[in-house]
Structure formats: structure tokens, C-alpha cells
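Following: one structure in C-alpha cells, then a few remarks.
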């Protein structure tokens, strides 16, 4: 499915993020649809809902689509150069990735932090390697040694 509503742009809701990604990659023309909504939803899921990283991923997908096509010529008068489109989307992908790094998770400021639910889920993962942290200064957790050797 392909949808776009230019009046619903932002980062707060799923619809706003999907429309924003579509806006960032220029896939706003109903007569020239590049990617489906489901592909944008997938990209947002892979990039922690960061519209710029998702846009970069979508631009890479569009670039890959055009990379499959060779330059074609019709009656030696009309030439279609897919390499130009491929280069455009490659540059767009790099630009959006840089904006994702610069502006964090959305259109505002990100201060970072720890998500307690993600930490709990990570600790439950049986494939997670064991922790190797032995405490500050290399001493086992719970033990401390001061300057006198205590």
C-alpha cells in the first residue's frame, strides 16, 4: 500500500514518521510511487524510529532498484540514464544518514539515557555473552583497594 498526507508530518505518531520519511526521500508523487508503506515501516523499525536513518535506508533501497537497470536508448534520440538516478539516491542516502547523526532520533534534541525494558530483555537473552566487567580499576565487583592496599 502507498499513502502520503503532507499535512501529517512529524515524529510523534507512526503516520507522521511514515509521511516524514516519504517526504525526505521525495516519494510524494502518487503517479511515481517508489516504495510501499510497509517498507518504510520496516526501515523505521530497523532504525529505532529515526526518520533520517530510515530515510537513508529507503534511499539505499531505491538506489539498488535503479542499479539493476542499464542505460537505455530509444531511436538514438531519447536516452534514459539510470546511473544518474542511482547516484542521486546514493548521495541522498549519505545526506540523510549525516542528518540522523547530527539531529538524533527526530526533529528535536536527544539527551540519551538507558531504556530499562531493553536492559531487562537483553539480560534475559540466552545468547548474550557473559559480562566481563570486574569493577572499577580491575578489582572484582564489591571490592575496593585504597592507596594503603586495603
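No value in this document is a laboratory result; all are computed from the given coordinates. If you're wondering where the values come from, they're calculated on a predicted model, not measured in any experiment. Here the Cβ positions follow ideal geometry from the backbone for every residue, glycine too, while neighbour counts run over all protein chains shown.
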Open item on the list: At a threshold of 8 angstrom on Cα-Cα distance, excluding pairs fewer than six apart, so keeping six or more, what relative contact order does segment 1-58 reach in percent?
Closed with: 33
Task: Using a Förster distance of 25 Å, the FRET efficiency for residue 46-residue 131 (Cβ separation, nearest 0.05) - done: 0.40
TODO: Kindly state, to the nearest 0.05, the FRET efficiency for residue 70 paired with residue 94, given R0 = 30 Å and r defined as their beta-carbon distance.
DONE: 0.80
